[in-house]
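Let me begin by presenting the structure, written as structure tokens, before commenting on it.
Nothing in this text is a laboratory measurement; each read-out follows from the coordinates by a stated rule. In this text the structure is predicted, and so the values were computed from the model without any measurement. Note that we place each Cβ from the backbone using ideal geometry, even for glycine, and neighbour counts take in every protein chain shown.
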């Protein structure tokens, strides 16, 4: 692989392995050797900001107790956050037509409904879920329906909580939905689009590392975990899907990314129910 140099800072093979090991152990991120220039570029910014003179000093620091906070910043800097409203729209069609009618009926009968956007990035996914929900149930605010949105990166959680986006980011939102759920605002010197408060009130944002313990009580009727596990190796993926199943209600749904699949090696009660969509069925149903 050799060495990669930016200004006076150099990342060696040993440095790359040390950083990659931390990223894998901390967050399940896998960086192959061809990703070394990307890693070098992103960590170089941290070296300059911290005035650390070498990658080896940096990795030594983040491996200490005192470097715990910086370790989280490092993971954040290595995480790719790409999101759009109503990304992979077929999932929202399934949500609207096949999933929500029954859930809304249960909620109106006094039931508890929970949805989870795992790996929510800057918030476009959970807000898309919320808009789909409100379009089907305008009274959702008065029902026991909540959306949990989590991500490992505190920076994207901050952006998501604000619910303020660039004008160009809403191109994929239907005009009728824009009128109902968005408003044009100016924040400081910047104008953009604000998610209306009653939409934001349906979503609770939390920082969460999927590889750590999940401080979650109860089960979810719908889980979106899309374009997240693609960054994990097979062993990590195989360990995660059963954990998702354990917090999925019977009859609940799991949506994954367009290039993600549940491995045939898994023994779960998830059954394919559409393009990259799965439903958790009882063992009896899966055997029939």
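Below is a table of values for the structure above.
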| read-out | value |
| --- | --- |
| Rounded tilt (10° steps) of 124-136 against the dominant C-alpha axis of the chain | 0 degrees |
| Gained length - residue 175 relative to residue 102, 0.36 nm times residue gap less alpha-carbon distance | 23.6 nm |
| For region 116-181: rounded, prolate or oblate by the Cα gyration tensor [a/c cutoff 1.5] | oblate |
| Cut-off 13 Å, label 7 Å out along Cα→Cβ of residue 10, residues of region 36-55 by amide N | 54-55 |
| Rg and Dmax [Cα atoms of region 4-78; Å; Rg one decimal, Dmax integer] | 11.0, 31 |
| Tensor-based shape of region 32-159 (alpha-carbon gyration tensor, a/c under 1.5 rounded, otherwise prolate or oblate) | prolate |
| Rg over Rh, two decimals, the chain (C-alpha only, Kirkwood Rh) | 1.01 |
| Residues residue 272 and residue 42, FRET efficiency given R0 of 35 Å [Cβ-Cβ distance, rounded to 0.05] | 0.45 |
| Helix-only CD estimate at 222 nm, as mean residue ellipticity for the chain, using -39500 (n - 2.57) per DSSP H run (n ≥ 4) | -11500 deg cm²/dmol |
| Rounded FRET efficiency, nearest 0.05, which uses the C-beta distance separating residue 81 from residue 183 and R0 of 25 Å | 0.55 |
| Label point distance in nm, residue 207-residue 246, each placed 7 Å from Cα along Cα→Cβ | 2.4 nm |
